[in-house]
Amino acid sequence: MSLPTVAELRAFAAVVRVLGATAGRSAFVRGAPLYFGIALGAAVLFGGNGMNAATVTDLATRSLPFRLSLFLAWTLVTLPVARILLTTPSTFLLRALPVPRWQHLLVHLAHLSVAELPFVLLWARGGAVAGAAAWSSALAAHGLLLCRPRRPVELAALSLLGVGLGQARPGLLLSASLPGLVIGTRAAWLRAPQREAPRDVALVAGAAPFALGLSYLAGLLRGHGALLLRCLLYTTLGCVITWLALRNNGVTGAAPTAVLSLTLATPPLLACAGTLAGPVLRSERQLRWLLLCCGTPPAQRVIATCVVVATVCGLCGAAHGATVGYLVAAELPLGLRLSGGSAAAGLLLGTALTSGLRWALRGDKRDTDRAFLSIIVAVVAASLSAALMGELALLLWAVVAGLLGVLLAPPAQGSWEQRRAEQAERRAERAP
Amino acid sequence: MLELCGISKRLGRRSVLDDVSLSCPPGEITAVVGENGAGKSTLLRIATGILEPDRGRVLVGGEELSAGGVTARRQLGYVPDSSEPLPDLMVCELFALTAALKRLPRPGEDWPWIERLGVRPIWRQRLSTLSFGERKRALVLCAQLGEPAVLVLDEPSNGLDPGGATLMAEILRERARAGRATLLASNDAPFLAALASSAFRLGGGRLERCTD
């Protein structure tokens, strides 16, 4: 085997650069808020006098349900990032060029490894083999999920991964997941450009704002299932934290329970809203030409986007309140109060944050900064107001949601939206 | 009828349209030709109200289009060249959405245009799974909703198979016979030669009538 020539190394460097600038950049934009949240959560959990990472990995080694929950949570939460890394359409052109397949796969594996880093680091505290097993199993799970296994060898690799996850010894998991890593990543990469025609039920009907909202909902259900699952995870996490806070602080009585539940429901509900508002607002941007062509009033555009996000957040809120009520064995009136309060919080915070993110997501390089800022401001302001004002904060949020909806509605000529349309126009006119 | 009066538009530092006026009378097919990047698509997007001009007015049936004129927009249909509206929507859902946005009653699945445009086999398919030509057929179907008085098409023959291009030409001729106005941008010379009542060349921001 001969050493690679300078020209071959240069070609490989170009592949690294191109895949980094396309798939890597898109994944960074999508995943940055998620990883920021994970870093924040890890700092709270493991920082200072907090928990030791080894405690978590020891518990996971001993308890199968905890280990599986941790693995599933990580796999589902980071699935959108893995999907972008492996299936970004702008990378497909590179496949037509004389680039060896192993170079593509190597760069994709490197990108995916960076995406799995927090999970690997957590497990690496339990030993190098545990870290390697976490790396291999997470990559295998993402590859196998994204390739939609159908060939016997893929189904066998998936089964083997399942068996490996049932084992407490990391060495066994590492051996069981390596075939899935190789087969799954390769199959996911190969199938990325395939367009399959799934069978769907038609959802869009009714008058303009309703039909528009249902279009966004259809987009969420069909193209962003992982994001909806992520919302479910945020809600579950919120329930557990609220229950622990109520139990460990010995909170009793209806009013203090309701206030603490509402306060601790706000961060996960805002995380849900932030997760869903991005794709909904992107869908609205894709439909801009049709909306303008048909003269759709700005109010209808605002209502359609906000209603979709707020409805899902409201459902998450209702589930949060009901679960907390169940966990603390609340009487029916308190259960209804908790559920109703959190549902209203979900509706109002979903509406407010969607409007805030409409201002933040303008399709330029500073989108992520502005989105971060909006979400952080919203989390701090909402949590503080809930802690200080209790359920009265709902009134404040209603006013804020209404004001933001009006002030940040799709603006007219001369605004940033028009400028963005003109930038797109310039790019289109320059295109061959 | 569609009228563009003294339209000027700068994109960044480049003047794309400079005092352009154009009239698309009823019963005629007006074509705009020009090199890549000449500003044809920009002109069409201004004509449909997607982009606001820096100066000038757009009138559809005598109604002002700028500043969100809904009455004017109800008389318009637009077929973009490359837009992919919500890739996760099915064709029937895009159809229902367009009907709702145009505030029109949604025709049933036996609407003759569905069969005629060959959309029936892809009726329940997601837009992301369609070919470029199939997507174009779906967009033409949506633009035909309400049989608009003015139809604006960007590169209508682009991506269509020979049968599709012939069908498109036939549809546009029928519209002209029915006294409806059509504005299209294309560089497909044989297609335009067989169709256009009048043609204009766009270059350097100016619009000139083609004599050849």
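The values are calculated or read from the model by the stated rules, or taken from the named source; none is laboratory data. Just so you know, these numbers come straight off a predicted model, no measurement behind them. Note: ideal-geometry Cβ built from the backbone for every residue, glycine included; neighbour counts use all protein chains shown. Accessible surface is based on the protein model in full, side chains and every heavy atom, while ligands, DNA and RNA are left aside. Shrake-Rupley method; radii C 1.70, N 1.55, O 1.52, S 1.80 Å.
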Q.
Report the A-B buried area as the accessible area lost on both sides summed, probe 1.4 Å, in Å² to the nearest 100.
A. 3700 Å²
Q: Rank by packing, highest mean first: peptides B:30-37, A:258-265, with packing defined as the count of other Cβ atoms within 10 Å averaged across residues.
A: A:258-265, B:30-37
Q: Using a/c under 1.5 as the rounded threshold, could you call chain B rounded, prolate or oblate? The axes a ≥ b ≥ c are square roots of the C-alpha gyration tensor eigenvalues, and prolate needs a/b larger than b/c, oblate otherwise.
A: prolate
**Q.** Volume of the Cα convex hull of region A:91-227, divided per residue and given in Å³
**A.** 155 Å³
(Q) From the convex hull of the Cα coordinates of region A:107-157, what is the mean projected area in square nanometres? (A) 3.9 nm²
(Q) As an exercise, find the ratio Rg/Rh for region A:208-411 from alpha-carbon atoms, using the Kirkwood inverse-distance average for Rh. (A) 1.00
Q. Which of the cysteines in the protein assembly as shown are isolated, no other cysteine C-beta under 4.7 Å?
A. A:C147, A:C239, A:C293, A:C294, A:C306, A:C313, A:C316, B:C5, B:C24, B:C92, B:C142, B:C210
**Q.** Accessible heavy-atom area order of B:M168, B:M1, highest first, probe of 1.4 Å
**A.** B:M1, B:M168
Q. Where does region B:13-72 land on the Kirkwood hydrodynamic radius, alpha-carbon pairs, in angstrom?
A. 12.7 Å
Q | Alpha carbon centroid spacing (whole Å) that separates region B:81-130 from region A:1-30 | A | 40 Å
Q. What is the Cα centroid distance between region A:258-325 and region B:1-19, reported in whole angstrom?
A. 38 Å
Q) Over region A:208-411, what percent of the accessible surface lies on carbon and sulfur atoms, probe 1.4 Å? A) 75 percent
Q | Shielding score for A:208-217, defined as the mean number of other chain Cβ atoms within 10 Å | A | 4
Q.
So with the 1.4 Å probe, I'd like the accessible area per residue for the protein assembly as shown, rounded to whole Å².
A. 45 Å²
Q.
Apply the a/c threshold of 1.5 to the C-alpha gyration tensor of region A:181-288 and tell me whether it is rounded, prolate or oblate.
A. oblate
(Q) If the elastic network links every pair of Cα atoms under 10 Å, which of A:C147, A:C316, A:C294 fluctuates the most in the Gaussian network model of chain A? (A) A:C294
Q: Just report the Cα centroid separation between region A:142-194 and region A:66-104, whole Å.
A: 13 Å
Q: Using a/c under 1.5 as the rounded threshold, could you call chain A rounded, prolate or oblate? The axes a ≥ b ≥ c are square roots of the C-alpha gyration tensor eigenvalues, and prolate needs a/b larger than b/c, oblate otherwise.
A: oblate
Q. Over the Cα atoms of region A:7-192, how large are the radius of gyration and the largest Cα-Cα distance (Dmax), in Å?
A. 17.0, 54
Q) With every protein chain in place, what's the accessible area of A:R101 (1.4 Å probe, Å², nearest 10)? A) 110 Å²
(Q) Can you pull out the GluC sites (Glu not before Pro) in region B:76-118 whose DSSP state is coil and whose Cβ has at most 13 other Cβ atoms within 10 Å? (A) B:E109
Q: Show which lysines lie in cross-link reach of A:K365 when reach means a straight Cα distance below 28 angstrom and same-chain residues fewer than eight apart are skipped.
A: B:K9
Q. Using Cα-only point scatterers and the Debye equation, what is log10 of I(q)/I(0) for region B:155-212 at each q in 0.16, 0.19, 0.21, 0.22 Å⁻¹, rounded to two decimals?
A. -0.54, -0.74, -0.87, -0.94
